[in-house]
Amino acid sequence: GESVGLHLPTLSVQEGDNSIINCAYSNSASDYFIWYKQESGKGPQFIIDIRSNMDKRQGQRVTVLLNKTVKHLSLQIAATQPGDSAVYFCAENGQAGTALIFGKGTTLSVSS
Amino acid sequence: GAVVSQHPSRVICKSGTSVKIECRSLDFQATTMFWYRQFPKQSLMLMATSNEGSKATYEQGVEKDKFLINHASLTLSTLTVTSAHPEDSSFYICSAVTGVEANEKLFFGSGTQLSVL
């Protein structure tokens, strides 16, 4: 079936660097995408979202880019901090009222 | 943002017993709640969709008689793992939506770590 996946399972960066986490999705009908951060033993925490009619959206220190042509989603974190260390998931929603479908997750490790 | 409370956060039980997990929307009415399961180092997998006042819709491969879901009110959904076995040990997470328009920003509970001995 269709699912959302991720390119890399782990990413290690130095504090202060910019981080880029990628995600490939396969459902071309999806029109809404979200990035979540999950710390160990906790539920997912909303980071940023984007609709399919946009290709870029910025938040505080984070930017999400959407390339519908190649069905690719990325999360950019500026000036990465140790507190950003977590597992990051992209998720898609193809129809309002239905559940989110999650990708496999990328573990971000930030060293001081 | 909206708050979803999940309880308990951690439970250890003996094989063969049943465990109930509660998911409450604290400051909004949730017409729909979703239950996910997450194994170590894996992603969240949707188990079922729970709609208030109706039967839950289960994903393929999820046993409805084993994972009983009750959504009796607009603020509470429960997941009961019946006759739990060690392979049911997992992190269970619920999420809630207020309605179609607000669906996208699903709010998640803090999860329940179930360990079956």
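The values are calculated or read from the model by the stated rules, or taken from the named source; none is laboratory data. Predicted model only: the values in this text are computed from it and were never measured. Ideal geometry is used to build each Cβ from the backbone, glycine not excepted, and the neighbour counts take in all protein chains shown. Just the protein is used for accessible areas: all its heavy atoms, side chains included, with ligands, DNA and RNA removed. Shrake-Rupley method; radii C 1.70, N 1.55, O 1.52, S 1.80 Å.
Odds and ends about this structure:
- Hits in segment A:65-101 - residues which are outside any strand (DSSP E or B) and among the hydrophobic types (A, V, I, L, M, F, W, C): A:Val70, A:Ala78, A:Ala79, A:Ala96, A:Ala99, A:Leu100
Residue-wise test of (1) of a type in the set (Asp, Glu); (2) over 17 Å from B:Val116 (Cβ atoms); (3) in contact (Cβ under 8 Å) with a residue 24 or more places away in the chain.
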position	(1), (2), (3)
B:Ser9	no, no, yes
B:Lys14	no, no, yes
B:Lys20	no, no, yes
B:Thr32	no, yes, yes
B:Tyr36	no, yes, yes
B:Leu44	no, yes, yes
B:Tyr58	no, yes, no
B:Ser73	no, yes, no
B:Asp88	yes, no, yes
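- Selection count where residues are open to solvent by 30 Å² or more (accessible area, probe 1.4 Å) and assigned to a strand (DSSP E or B), scope segment B:12-45: 6
- Taken as a whole, the structure leaves B:Thr49 outside the set of residues that are open to solvent by 10 Å² or more (accessible area, probe 1.4 Å), out of contact with any helix residue (DSSP H, G or I) (no Cβ under 7 Å at 6 or more places or on another chain) and farther than 30 Å from A:Pro9 by Cα.
- All positions within segment A:86-112 that are surrounded by fewer than 18 Cβ atoms within 10 Å (Cβ to Cβ) and more than 16 Å from B:Tyr36 (Cβ to Cβ): A:Gly94, A:Gln95, A:Ala96, A:Gly97, A:Thr107, A:Ser109, A:Ser111, A:Ser112
- Residue, modelled with the lowest pLDDT, within segment B:59-73, restricted to residues that are crowded, with 17+ Cβ neighbours inside 10 Å and under 12 Å from B:Met33 (Cα atoms): B:His71
- Any hit, segment B:78-92, residues being modelled with pLDDT under 95 and either away from chain A (no Cβ under 12 Å) or surrounded by 13 or more Cβ atoms within 10 Å (Cβ to Cβ) (or both): no
- Only one of B:Ser77, B:Ser54, B:Ser95 that is touching a residue at least 12 places away in the same chain (Cβ under 8 Å) and either assigned to a loop (DSSP other than H, G, I, E, B) or out of contact with any strand residue (DSSP E or B) (no Cβ under 6 Å at 6 or more places or on another chain) (or both): B:Ser54
- Selected residue [among the basic types (Lys, Arg), touching a residue at least 24 places away in the same chain (Cβ under 8 Å), part of a loop (DSSP other than H, G, I, E, B) and within 14 Å of another protein chain (Cβ to nearest Cβ)] from A:Lys42, A:Lys37, A:Lys104: A:Lys104
- Residue, nearest to B:Ala96 (Cα to Cα), within segment A:49-68, restricted to residues that are within 13 Å of chain B (Cβ to nearest Cβ) and surrounded by 18 or more Cβ atoms within 10 Å (Cβ to Cβ): A:Asp49
- Unique match (being away from chain A (no Cβ under 13 Å), modelled with pLDDT under 95 and within 26 Å of A:Cys90 (Cα to Cα)) among B:Ser54, B:Ser25: B:Ser25
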